[in-house]
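Please read the structure below before turning to the comments.
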Amino acid sequence: MTTETTISFPDFATGPWRGEEAAPQPDPAPAPPRVAPRPLRVALFSGNYNCIRDGANQALNRLVAFLLQKPQVDVRIYSPTVRSPAFPPVGTLVSVPSLPIPGRGEYRVALGLLPSVRRDLAHFRPDIIHLSAPDLLGRMAQKYARRRGIPVIASLHTRFETYFDYYGLGFLKHTIERYLDRFYRDCQHVLVPNRAIAGEFAERGMRRSVGIWGRGVDRDIFTPARRDAHWRASLGYRPDETVVLFFGRLVREKGTGMFCRVIEEAQARGHALRPLIVGDGPERKAMEQRLPQARFTGHLAGADLGRAVASADIFLNPSLTEAFGNVTLEAMAAGVPIVSAAAASAQALVDDGRSALLVPPTDPRAYADALERLIADRALRQRLAQAAQADAQAHSWEATLEPVFALYQACLQPAATPLPAARPGGQAPAPLRSLNSARQ
């Protein structure tokens, strides 16, 4: 049964997806051309709108909040739900039937566009369908839209094809790359978070249909003013210890294993540093065993998160899987010097040697060398932090969200890019490769 929650505003197949939808039930007649004052109706599909907190769903909730402030805009979100969500959803959330992912019960996989959801969608009669995850639900919603001439926009939030090496499933990566290539080609427009990924899509012949949707940062939360020496001391950190920060979900694909290796290498060199781990997840127990001297705060949000980030001395980010790198931007805004993997997401935000130190992604000694430089050179730490904080000023949420709304409107104009035609059978195009395919 389809359920919904309304809150007022205050990540497969074995190649190109070949499973067809069940025969569609009769739908109401297609909506006539939109004439004011009927609202612009946007159906947003998500794999995790508020089950757990992550950078992707924070961006989506902000987008919905932004849209609902516009006159004559209506948004309906379709996503798996859980009994105890991480936060209240913004907007009208329709629960999609789903199952927990084995071994990762915090995530759920939607069972597709089942009849109850299809009826709700037909009744809503969307003008735009926005897909934020290339899962079964997104693929079936894409097919639904294409059959009815509804424009489809996809936004890319993570590099799913990079996950498989972390779980012993690297042999599936090329199959997933082929599937993702087909998925994004079948969208009218694709929104990617930075120029590097846009360039990758352009190389695959999708230049005209790809745009950039960056991210903003809340500078009231992430600011150097929240640094708190008393809070640090309350966690047991001595004034002479360098506090090295990891924050985000504690999962393998975020580089938790590499983080531990780097800390162990730096400590073996005799440096007085102690990690501060902010976040939670299935890798917490393994990290606690490897880093017994670290302090684990669990999940933090809002001002508490801002205080923890600003109170660190160095942010170490070894992740290769982010499409944007929200945590990097938040550390920049908080004035914390950064050592990061030289991944596309980081390179889009910082400059090596000017606003951060970027290192080869799979070399723990290179990370430790960078930490060593920052521990020994307080002036360098200050220069990097100041430059990064200044760069973060350019990232406002309003400036990043307005172009998404403009794209919705443009898709409804007569001159909008036509929907991609269904391709006949034959040889599949070469897959869209990941920029960050190396395993840590």
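Can you pull out every residue in segment 65-82 that is under 29 Å from Pro97 (Cβ atoms) and basic (Lys, Arg)?
Arg76
The residues of segment 77-94 that are buried (at least 20 other Cβ atoms within 10 Å of the Cβ) and in a strand (DSSP E or B), listed by number, are Ile77, Tyr78, Ser79, Gly91, Leu93, Val94.
Let's see how each residue does on (1) at pLDDT below 85; (2) within 30 Å of Gly302 (Cα to Cα):
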site: Arg146; (1), (2): no, no
site: Gly149; (1), (2): no, no
site: Ile153; (1), (2): no, no
site: Leu156; (1), (2): no, yes
site: Asp186; (1), (2): no, no
site: Arg204; (1), (2): yes, no
site: Gly216; (1), (2): no, yes
site: Arg219; (1), (2): no, yes
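Candidates in segment 379-403 are the residues that are modelled with pLDDT under 95 and among the charged types (D, E, K, R); of these, the one that is surrounded by the most Cβ atoms within 10 Å (Cβ to Cβ) is Glu402.
Sort through Gly279, Gly302 and tell me the only one that's buried (at least 21 other Cβ atoms within 10 Å of the Cβ) and at positive phi.
On the way: Gly302 fails: buried (at least 21 other Cβ atoms within 10 Å of the Cβ).
Going through Gly279, Gly302 in turn, the sole match is Gly279.
For the residues Arg269, Arg290, the requirement of being within 22 Å of Pro360 (Cα to Cα), surrounded by fewer than 19 Cβ atoms within 10 Å (Cβ to Cβ) and touching a helix residue (DSSP H, G or I) at 6+ places or on another chain (Cβ under 7 Å) singles out Arg269. Given the structure, is Phe160 surrounded by fewer than 21 Cβ atoms within 10 Å (Cβ to Cβ) and either of a type in the set (Asp, Glu) or at pLDDT below 90 (or both)? Answer is no for this residue.
When you scan segment 191-302 for helices (runs of 4 or more DSSP H) that lie fully inside it, which ones turn up with 2 or more residues that are out of contact with any Asp or Glu (no Cβ under 7 Å at 6 or more places or on another chain) and either over 25 Å from Ala59 (Cβ atoms) or polar (S, T, N, Q) (or both)? First the steps, then the outcome.
Values: elements: 195-203, 229-234, 256-268, 284-290.
Helices (runs of 4 or more DSSP H) meeting the threshold: 229-234, 256-268, 284-290.
The values are calculated or read from the model by the stated rules, or taken from the named source; none is laboratory data. Bear in mind that the values here come from a model prediction, so they are computed numbers and not experimental data. Methodologically, a virtual Cβ is constructed for each residue, glycine included, from the backbone with ideal geometry; neighbour enumeration extends over all protein chains shown.
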